[in-house]
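The values are calculated or read from the model by the stated rules, or taken from the named source; none is laboratory data. Not measured: the values here are computed from a predicted model. Heads up, the Cβs are rebuilt from the backbone with ideal geometry, glycines too, and the neighbour counts pull from every protein chain shown. Note: accessible area is taken over every heavy atom of the protein model, side chains too, but ligands, DNA and RNA are not part of it. Shrake-Rupley method; radii C 1.70, N 1.55, O 1.52, S 1.80 Å.
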Amino acid sequence: MQIPQAHEVGRYLVTPMTKLTESGQYAASVSIRRGMHDRVFRLIPRFDSATRAAHYALVQGRHFVLNNQLA
């Protein structure tokens, strides 16, 4: 499985990010950019692989954009 890259969703660029934690699990974050500004959301679940964490972050980012939940 390949880690997803940035995706355009309407006028936004959604970029999943992962980080290996001290416990050996992966944390997921997502950057949502429009123009020069971006917001980074740290997501709560932890994952056993970077691929799963990145996929979750991408799905959540798309959900935020498509459901206008960026306020």
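Side notes on the structure shown:
- For region 1-45, the set of residues classified as out of contact with any strand residue (DSSP E or B) (no Cβ under 7 Å at 6 or more places or on another chain), among the polar types (S, T, N, Q) and modelled with pLDDT of 95 or more consists of Ser23 only.
- Failed criterion for Arg52 (all others in (1) open to solvent by 100 Å² or more (accessible area, probe 1.4 Å); (2) not in a helix (DSSP H, G or I) hold): (2)
- In region 1-45, counting only strands (runs of 3 or more DSSP E) that sit wholly within it, the ones holding 1 or more residues that are open to solvent by 100 Å² or more (accessible area, probe 1.4 Å), among the basic types (Lys, Arg) and farther than 16 Å from Asn67 by Cα span 12-20.
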